[in-house]
Amino acid sequence: MCIEVKEIMNQLSIGSDRFLTRGPRLWDSLMEIARIGAIEGDGCCRLSLSDEDRQARDLFASWAREAGCEMRVDPFGNMYAIRAGRKPDLPVVLMGSHLDTQPHGGRFDGVLGVLAGLEVIRSLNDHGIETEHSVALANWTNEEGVRFKPGLTGSKGFIGALRVGDSSISGLDGADYFGELTRIGYSGTDTAPDLLGYLELHIEQGTILEAAGVPVGVVSGIQGVRWFEIEIHGFDAHAGTTAMQTRSDSFMAAAELAISLREIALRLSPDVRLTVGRVEVVPNSQNTVPGRTLLGVDLRHQDGAVLDAFEAAAEEAVSLVASNTRCGASIRRTMDVQPVRFNAEVVAALDAAVNDLKIPTMTLPSGAMHDASSIALHTPSAMIFVQSRDGISHNPAEWSEPDHVAMGCELLARAVLALAKSR
Ligand code: GLV
Ligand code: MN
Ligand code: MN
């Protein structure tokens, strides 16, 4: 299979007449923006609405304007670059993803989808291609959900699942989402365009494509995600003088709870993904029994019934903490992202592009959440995945091959042209 892929790539010879888009130009833009917030190991740290995020937004906006786009910013800070079609009043074909990253993020997660969209627009310009519908490109705010909860904030705002000033949007460092938007100059008043369809290109962040020796894939849907915050209250005490039997040790109670949540999850389904990715221990002093511990829990599955069953069992396990330890505990859901299946017509546009280009591909589900998880609830949507090396993501070592990136971008261009009706 891998040999076949290589041969096809040689035949296609990236950048040749068969390709509308220019892979090397996309690659150069990816590497240029990666300098903003660069961290050790070739990674990036551009937390949402930080100064680094602002710099990346500014660069993206300047590139989009150079490509002749009108720029709009809505009240959630979502940015839209719009290339007018022949009938600008018609709903637009939107591409998009996100420029924010994880704290130890890579150079591809999110940013690839935004810059691939930009490459599509640049290429339409190069070839003087007119479309009936306008073609637009979104940078959604705070997809990652690191600095503000819930994640997918901008795309949730776009579909009306969050409102401006919503008190359920909380900043990790006490930061105020809407205040930070104003601070970095991205609190907009523009209206978002009406959508005909949405396409998001992203790295796979898993190993399915690599194992199959396939460079790009068409995504069937995205599994559901729920986030919970569990708070355990004990009592600060002296580490040397307080007997083990009389402590109210919030961290030990949290550790036992984390293990039982893992058991619950695995009993429910072997495909479940449960992560305790955040632990806050207060006062976080080596010689004090900690009086407060907070667990940030991420749960994923493609079946909403499994998510419901976990949540019910987790609530029970949390209430048991109070009876089994000398601590109190509470659980709160902080994000709910429904599982989605993508729209058959938009997927068909991708399949047609795949057939046209004769690129080896496959259909696969997404393990990661995406802005498409929100947009698919509102507008016919689909996604393209580009192979990730070793499935590594949320890590500076994230990597995708330039040829694979170029193929994904070309597929995106062709599907966009089919939907936006080029002449
Ligand atoms: C975002 O990358 C997520 O899947 O959590
Ligand atoms: Mn992403
Ligand atoms: Mn991510």
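A few points about this structure:
- Any chance VAL321 is more than 16 Å from ligand 3 (Cβ to nearest atom), β-branched (Val, Ile, Thr) and closer than 30 Å to LYS87 by Cα: no
- Number of residues in the range 368-390 that are open to solvent by 10 Å² or more (accessible area, probe 1.4 Å), farther than 20 Å from ASP194 by Cβ and over 12 Å from the mean Cα position of the chain (by Cα): the value is 3.
- Some residue of the range 202-224 being modelled with pLDDT of 95 or more, within 16 Å of ligand 2 (Cβ to nearest atom), open to solvent by less than 10 Å² (accessible area, probe 1.4 Å) and among the acidic types (Asp, Glu): no
- Test: residue in the range 130-147 that is surrounded by fewer than 19 Cβ atoms within 10 Å (Cβ to Cβ), at pLDDT 95 or above and either within 19 Å of ALA376 (Cβ to Cβ) or more than 12 Å from ligand 2 (Cβ to nearest atom) (or both): yes
- Taken residue by residue, the range 181-202 has at least one member that is without any contact (Cβ under 8 Å) to a residue 24 or more places away in the chain and of a type in the set (Ser, Thr, Tyr).
- Any hit, the range 361-379, residues being within 16 Å of ligand 3 (Cβ to nearest atom), hydroxyl-bearing (Ser, Thr, Tyr) and in contact with a Phe, Trp or Tyr (Cβ under 8 Å, 6 or more places away or on another chain): yes
- Considered as a group, the residues in the range 148-159 that are touching a helix residue (DSSP H, G or I) at 6+ places or on another chain (Cβ under 9 Å) and either surrounded by fewer than 23 Cβ atoms within 10 Å (Cβ to Cβ) or hydrophobic (A, V, I, L, M, F, W, C) (or both) include one that is nearest to ASP28 (Cα to Cα), and that residue is LEU152.
- Strands (runs of 3 or more DSSP E) wholly inside the range 40-126 that include at least 1 residues being open to solvent by less than 10 Å² (accessible area, probe 1.4 Å) and under 20 Å from THR379 (Cα atoms): 79-83, 92-97
- Neighbours by Cβ (under 6 Å, 6+ apart or cross-chain): first from the range 49-74, within 15 Å of LEU94 (Cα to Cα); second modelled with pLDDT of 95 or more and basic (Lys, Arg): CYS69/ARG83
- Leading residue by the ranking (nearest to ligand 1 (Cβ to nearest atom)) among those in the range 377-405 that are touching a helix residue (DSSP H, G or I) at 6+ places or on another chain (Cβ under 9 Å) and aliphatic (A, V, I, L, M): MET383
- Residues of the range 175-223 that are within 30 Å of THR275 (Cα to Cα), assigned to a strand (DSSP E or B), away from ligand 3 (no atom under 16 Å from the Cβ) and not hydroxyl-bearing (Ser, Thr, Tyr): LEU199, VAL216, GLY217, VAL218, GLY221.
The values are calculated or read from the model by the stated rules, or taken from the named source; none is laboratory data. Because the structure is predicted, anything quoted here is derived from the model rather than measured. Positions of Cβ are generated from backbone atoms using ideal geometry, with glycine treated the same way; all protein chains shown enter the neighbour counts. Heads up: the accessible areas ignore ligands, DNA and RNA and are worked out on the full protein's heavy atoms, side chains in. Shrake-Rupley method; radii C 1.70, N 1.55, O 1.52, S 1.80 Å.
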